[in-house]
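Notes for the one structure printed next.
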């Protein structure tokens, strides 16, 4: 009886730690992907349900953060395929994106323009960029979360930066 309780208690402790440590970053990522706070909360909850069910099979071949981000991103993609989200206005304002401020002299206009440009990127570039810069994941972790190679992540980040540069330069020319 005690042996049966040991692993269960350990799993519960591990799960509680995962929720405490990753709930906020997952919510931020889901909000950016779904562009809806309520849907993001649902996605995070669903992510943790899926993680709880899969916890015994988690082999630690990747980091916990990469594992949870992959579950969350797949959950968000599944949610965007539902009829409800396809027919709702999911545009996100730059203020809701909560871009990190590099210094106090950053202009609000520049941040707004950057936020809009990021949201216009193709998904594969946007996902890599958001995980790398906004979730502070290294290229290996991003690769694990996106189920791709680190070299692919490196290329996607380069293309994302190039596309952002083009979008931002075009915006200033108008």
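Where a number appears in this text, it was derived from the coordinates with a stated rule and is not lab data. Because the structure is predicted, anything quoted here is derived from the model rather than measured. Using ideal geometry, Cβ is built from the backbone for each residue, glycine included, and neighbour counts are taken over all protein chains shown.
Only Cα pairs under 8 Å and 6+ residues apart enter the sum, and on that basis the relative contact order of the stretch 106-174 stands at 36 percent.
Using a ≥ b ≥ c from the Cα gyration tensor of the stretch 106-174 (square roots of the eigenvalues), is it rounded, prolate or oblate, where a/c under 1.5 gives rounded and otherwise the larger of a/b and b/c decides, a/b for prolate? Because a/c hits 1.5 or more and a/b exceeds b/c, the stretch 106-174 counts as prolate.
Using the average count of surrounding beta-carbon atoms within 10 Å as a protection proxy, the listed peptides 66-73, 14-21, 134-141 rank, highest first, as 66-73, 134-141, 14-21.
Extension gain, residue 19 to residue 133: 0.36 nm times the residue separation minus the Cα-Cα distance gives 38.9 nm. Over all pairs of different C-alpha atoms in the stretch 20-62, the reciprocal of the mean inverse distance, the Kirkwood hydrodynamic radius, equals 11.0 Å.
For residue 113 and residue 11, FRET efficiency with R0 = 35 Å and r from the beta-carbon atoms, rounded to 0.05? The computed FRET efficiency comes out at 0.15. If the chain linking residue 140 and residue 158 were pulled fully straight, counting 0.36 nm for each residue of separation and taking away their Cα-Cα distance, it would gain 5.0 nm.
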